[in-house]
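Step one of this worksheet: look at the structure below.
The values are calculated or read from the model by the stated rules, or taken from the named source; none is laboratory data. From a predicted model like this one, the values you see are computed outputs, not experimental measurements. Don't worry about glycine lacking a Cβ; one is built from the backbone with ideal geometry, like all the others, and counts go over all protein chains shown.
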Amino acid sequence: PFIGDRGSGKTSMMYSILRRLDNYNDGSREEKQESSFWLGEENRDVCFVTLDMIDANVLKRTEDLLGIILSRLLALLEDLDSRGRYDLRELYRKLSELYKSMHNLYWQDSFQAEEVGITGLKRLADSQRSIQSFREFVALLLQWLGNNVYSHRTVYLVIALDDVDMYQGSKNDKEGDKFQLLQQIYDYLRIPGRIVLLTFNENILRQNCLGHFRKVYLGTERHAEETPAEQDQIDSLARQFLFKLF
């Protein structure tokens, strides 16, 4: 996490770290030490694959974090494919299957958040499968990169998300629940071999979580203010989630 108010340099610092991780793959030991980014002798076999920074502030109802990540992974495969040295058919096939399953789950216009009954249960099962499929694809990709591109080094995937607290909600999220982005990070990006860099204002992010858990705990129909006991419970839920996330 890079935490601070507007204009405090969070994005600049995160971008600097992102570029240093990207350049770490090719630099000599001396260059890495001089850049104040030497990870130690035991990490000489480590390298990083960085995706372009994602600005969560512009993901407003027309884009989705997972869709952006998949598109960046596709661009990575296409760049490797352009070199003409690798057989990428299996990775392309796995990525295509993953996109189709996630499209049916998240990005169809017919999605209704309040679905119940058999349809709701099926969507819940599909959601769990998509989480597992996403994690398996990333693990497969990192292993393949280590074996075929980076001379059997351990590969880490680096994802940088800017202004997480300013996310406005996806097009399928009719109430603009800003909590959705945090839930996707928690569900999909807790993967061995990946590093997630985040910038946010802590107070705003906490308010986003409080709003979500207030709606879950009290329901959408209630308009009266919560009692002190309910406030404590909602605050506890928000704190616990943020602690688990970070």
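Yes or no, residue by residue, for (1) in a loop (DSSP other than H, G, I, E, B); (2) at pLDDT 90 or above; (3) of a type outside the set (Phe, Trp, Tyr); (4) in contact with a Ser or Thr (Cβ under 7 Å, 6 or more places away or on another chain):
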| site | (1), (2), (3), (4) |
| --- | --- |
| Trp38 | yes, no, no, no |
| Glu42 | no, no, yes, no |
| Lys60 | yes, no, yes, no |
| Glu63 | yes, no, yes, no |
| Gly67 | no, no, yes, no |
| Leu73 | no, yes, yes, no |
| Tyr99 | no, no, no, no |
| Asn104 | no, no, yes, no |
TODO: Return yes when Asn147 is out of contact with any strand residue (DSSP E or B) (no Cβ under 6 Å at 6 or more places or on another chain), modelled with pLDDT of 90 or more and farther than 19 Å from Arg190 by Cα and no when it is not.
DONE: yes
With the first residue restricted to the range 129-152 and required to be outside any helix (DSSP H, G or I), and the second required to be surrounded by fewer than 16 Cβ atoms within 10 Å (Cβ to Cβ), Cβ contacts under 8 Å at 6 or more apart or on different chains are Val149/Tyr86; Tyr150/Asn25; His152/Asp45
- Item | So Gly7, is it at pLDDT 65 or above, over 17 Å from the mean Cα position of the chain (by Cα), within 20 Å of Ala160 (Cβ to Cβ) and small (Gly, Ala, Ser) | yes
Here the residues within the range 194-246 that are part of a helix (DSSP H, G or I), of a type in the set (Lys, Arg) and either touching a residue at least 60 places away in the same chain (Cβ under 8 Å) or within 26 Å of Gly9 (Cα to Cα) (or both) are Arg206, Arg239, Lys244
Yes/no for Ile131 being modelled with pLDDT of 55 or more and of a type in the set (A, V, I, L, M): yes
So, first residue closer than 13 Å to Leu145 by Cα in the range 75-103, second residue in a helix (DSSP H, G or I) and acidic (Asp, Glu), Cβ within less than 8 Å, six or more apart or across chains; the pairs are Leu88/Asp81
Of (1) in a loop (DSSP other than H, G, I, E, B); (2) at pLDDT below 70, Asn25 satisfies every one except (2)
Per the list (1) modelled with pLDDT of 85 or more; (2) out of contact with any strand residue (DSSP E or B) (no Cβ under 9 Å at 6 or more places or on another chain); (3) farther than 27 Å from Asn201 by Cβ, residue check on Leu121 breaks on (1)
